[in-house]
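Visitor: One structure follows; several queries about it will come next.
The values are calculated or read from the model by the stated rules, or taken from the named source; none is laboratory data. These figures come from a predicted structure and were not determined experimentally. Methodologically, a virtual Cβ is constructed for each residue, glycine included, from the backbone with ideal geometry; neighbour enumeration extends over all protein chains shown.
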Amino acid sequence: MIKSMTGFGAGDFENDDFKVHVEVKTVNQRYLETNLHMHYSLAMFENDITKKVKSFLSRGKADINISLKDKRDADVTIQIDGSLAKAYKSALDEISELLDMPKVQSVTSIANYSDVMKIDENSKDMEPGREPLMNALETALSNLVAMREAEGSNIKSDLLERIDTLEGYTYELEKLAPQLVENYRQRVEKMLSELLEKDQIDPARVIQEVGLYADRINYTEETVRLRSHFDQFRKMIESPEPIGRKIDFLIQEMNREINTTASKANSAGASQLVVDVKSEIEKIREQIQNIE
């Protein structure tokens, strides 16, 4: 099944202790790249998150945003910097004497100064948050894949139509091939008739010359291989495995065949068909850049 590399999915999970929201957004990328955006306290889950992503995705750049709310009661203590408090008190007394002003007698006044008191929220064990996080992540990835598959279905329909179009152009090229040889034979005979008397024209020589020309411009092998590539293409896009790289290689082979055909085909009609084929192949190539 064809999957697009672009998509979005979100997932939520909540229990008595945790509330998790996960969003995953993917865009085109030749290989799989995972970028995590989450609180540092969740770093212990990074390997598990990466493994889970790889089980759903094989290509694309994935940005993963994780929001986890810990609903458990916090164990909070207050730390006091006694040396700093005494230093503030001593400095204030000195200023009081210098300016002949009343000394600061309020403890609150000293406590309000920077870093005298600090709130210490003891770090809690985040292991119980693993299951809620992974559940939300799996939901987000499942929704993402569903969107990528839906977009992939649209891409598949477009690609099949373009392969049918290419097959039509190839058929026209094959029909044109004998006419190219006949046109050349007529040109040779006309040229010779203008230069020689009729009884001086050697039919065998004309046949030989036309035969050599026909061999040079014969692109039957190329069109046969093109048809084979079209058949391979149709089989590939039915595969359940990721096929983006394989199809990219197949498109290169199609380009190679049509370029060889272009070098052999010597007529305005054939040249136009070659241009049409190359244009259609390029459109397919652009589309498959978004296939996983």
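Visitor: From the residues in the stretch 80-121 that are touching a strand residue (DSSP E or B) at 6+ places or on another chain (Cβ under 8 Å) and among the β-branched types (V, I, T), which one is surrounded by the fewest Cβ atoms within 10 Å (Cβ to Cβ)?
Guide: I119
Visitor: Specify the residue that is modelled with the lowest pLDDT; the eligible residues are those in the stretch 224-258 that are under 22 Å from the mean Cα position of the chain (by Cα) and of a type in the set (V, I, T).
Guide: The qualifying residue modelled with the lowest pLDDT is I243.
Visitor: State all residues of the stretch 243-270 that are polar (S, T, N, Q) and closer than 17 Å to R225 by Cα; if no residue qualifies, say none.
Guide: Q252, N255, N259, T260, T261, S263
Visitor: Given (1) under 22 Å from the mean Cα position of the chain (by Cα); (2) assigned to a strand (DSSP E or B), identify the lone condition not met by D12.
Guide: Failing condition for D12: (1).
Visitor: Here is a further query. Just the residues that are at positive phi and in contact with a Lys or Arg (Cβ under 8 Å, 6 or more places away or on another chain), please, taken from the stretch 93-143.
Guide: none
Visitor: What number of residues in the stretch 1-41 are touching a helix residue (DSSP H, G or I) at 6+ places or on another chain (Cβ under 7 Å) and more than 25 Å from E151 (Cβ to Cβ)?
Guide: Selection size over the stretch 1-41: 5.
Visitor: Taking the condition farther than 30 Å from K51 by Cα and either at pLDDT below 95 or under 42 Å from the mean Cα position of the chain (by Cα) (or both), does P178 pass?
Guide: In short, yes.
Visitor: So, one more: Going through A74, A85, A62 one at a time, which residue ends up being modelled with pLDDT under 90 and under 50 Å from the mean Cα position of the chain (by Cα)?
Guide: The match here is A74.
Visitor: Within the stretch 18-31, track down each residue that is touching a Leu at 6+ places or on another chain (Cβ under 6 Å) and under 16 Å from A62 (Cβ atoms).
Guide: Scanning the stretch 18-31 gives V22, V24.
Visitor: If S114 satisfies every condition in (1) part of a loop (DSSP other than H, G, I, E, B); (2) in the same structural domain as T139 (by TED's automatic domain parsing); (3) among the hydroxyl-bearing types (S, T, Y) but one, which is the exception?
Guide: The single condition S114 does not satisfy is (2).
Visitor: With the structure loaded, tell me whether K124 is basic (K, R), surrounded by 10 or more Cβ atoms within 10 Å (Cβ to Cβ) and assigned to a loop (DSSP other than H, G, I, E, B) or whether it fails that test.
Guide: When the stated conditions are applied, K124 passes them.
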